[in-house]
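The values are calculated or read from the model by the stated rules, or taken from the named source; none is laboratory data. Because the structure is a prediction, the values reported are computed rather than measured. Counting neighbours? That spans all protein chains shown, and the Cβs are built from the backbone with ideal geometry, glycine included.
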Amino acid sequence: MTEREAAPQVSAAAAPEPAVEPVLAAENLVKHFPADNGQVVHAVNGVSFSIRPGEVLGMVGESGSGKSTVGRMVLRLLKPTSGTVRFRGRDISALPERECRPLRADMSIVFQDPWGALNPRMKVSALIGEPLKLHTPLSSAERRRRVEELADRVHLSTAFLDRYTADLSGGQLQRVCIARAIATNPKLVVLDEPTSSLDLSVRAGILELLAELRDETQVAMLFISHDLGTVRLISDRIVVLYLGSIVEYAAAQEVFERPAHPYTQALISAHLPPDPRARLTRHVLEGEIPSPIDLPEGCPFAARCPVVQPRCGQEVPQMVPVGDDGHRAACLRIPEGGNQIPR
Ligand SMILES: Nc1ncnc2c1ncn2[C@@H]1O[C@H](COP(=O)(O)OP(=O)(O)OP(=O)(O)O)[C@@H](O)[C@H]1O
Ligand SMILES: [Mg+2]
């Protein structure tokens, strides 16, 4: 479902929570990892979002901002330190490992590196059939038929089914990973940088395939990427993550047309292609993302923010509404309009 199609169901003043029952609702997710010398890595610091059926939620942020940790927590591959993950209405955040297993047929993940994700000693047919073997009672003949159907679905020639991964290109291998991920008709797929390791020329094909699958099956997707441009091509809504916190959350178009957080504005201006006709000022993000071991006080972006004020180093900004359709951002300067980086 595109944002345009979804629009009539959502009133202009609607809260960000979707009218349709979400497949996934993450509330106040926190993840701490132990570090050396008894220190703590604050990888994720209170993240909330939801995804409805047929929706692609893009999650964007620099390396180390906590994207993969969020992705692994919502699939319960990782237990949250606190907060809840509601999958199809059921709180799965504290389930014991054993009780998570049946969930594996309903939720899946596609990783960045298809070479590392697939066993090179298994034929492609066995790789695609593996989740069916684990989670369904299909006979081997029925499985073979379903594997052929899945290959077809991801536009992979069935001639590859009896080959090994070494015979396939990166793009073809990622299609195998996607076929595996959708084999059991999951309700949620997390895609963690699924195109980042692929040649530019094959990225668009993978994004088109994902959009097609979403339209056909109404599967909900969490699409993780450090690249706003990629996220823009596929997402209905976008969350921008910075140092383990969401700094902006809005419909994809809103994020690009009316970015409210200075960090989002800087990301967008850094991404724009050079155009001699446009009078654009590029805001290069200076410095590095601070260490999640010593979280800064106040706003996590304060040290790099072009419109920072002294109070930003003391007060933690909360998410506030900045427009229609649940567009929200966390910047203390929004009420007075000082959040816009001057051009
Ligand atoms: N198992 C772990 N133990 C300790 N620290 C961890 C662990 N996993 C992640 N971290 C730390 O948590 C923070 C968030 O990591 P995460 O991998 O979620 O970021 P990311 O946004 O996915 O980054 P990238 O774009 O590089 O994939 C980082 O500082 C990382 O070093
Ligand atoms: Mg990651």
Test result for Ser93, under 20 Å from Lys187 (Cα atoms) and more than 15 Å from the chain's Cα centre (by Cα): yes
Residues (within 16 Å of ligand 1 (Cβ to nearest atom) and not charged (D, E, K, R)) located in segment 205-239: Leu222, Phe223, Ile224, Ser225, His226, Leu228, Gly229, Thr230, Val231, Ile238, Val239
Matching residues in segment 176-204 - criterion: being away from ligand 1 (no atom under 16 Å from the Cβ), closer than 18 Å to Ser235 by Cα and outside any loop (DSSP other than H, G, I, E, B): Ile178, Leu188, Val189, Arg203, Ala204
Residue list for segment 187-210, restricted to those being at pLDDT 95 or above, in contact with a His (Cβ under 9 Å, 6 or more places away or on another chain) and either closer than 18 Å to Glu62 by Cβ or aromatic (Phe, Trp, Tyr) (or both): Glu193
From the options Leu191, Leu161, residue that is under 20 Å from Gly66 (Cβ atoms), touching a helix residue (DSSP H, G or I) at 6+ places or on another chain (Cβ under 9 Å) and of a type in the set (A, V, I, L, M, F, W, C): Leu191
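Count, please, the residues in segment 205-225 that happen to be in a strand (DSSP E or B) and either of a type in the set (Lys, Arg) or surrounded by fewer than 16 Cβ atoms within 10 Å (Cβ to Cβ) (or both).
0
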Candidates Arg232, Arg277, Arg214, filtered to the one that is more than 16 Å from ligand 2 (Cβ to nearest atom), at pLDDT below 95 and within 16 Å of the chain's Cα centre (by Cα): Arg232
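Only one residue in Leu191, Leu132, Leu173, Leu127 is touching a residue at least 24 places away in the same chain (Cβ under 8 Å), in contact with a Ser or Thr (Cβ under 9 Å, 6 or more places away or on another chain) and farther than 23 Å from Phe223 by Cβ, so which one is that?
Exactly one of Leu191, Leu132, Leu173, Leu127 is touching a residue at least 24 places away in the same chain (Cβ under 8 Å), in contact with a Ser or Thr (Cβ under 9 Å, 6 or more places away or on another chain) and farther than 23 Å from Phe223 by Cβ, namely Leu132.
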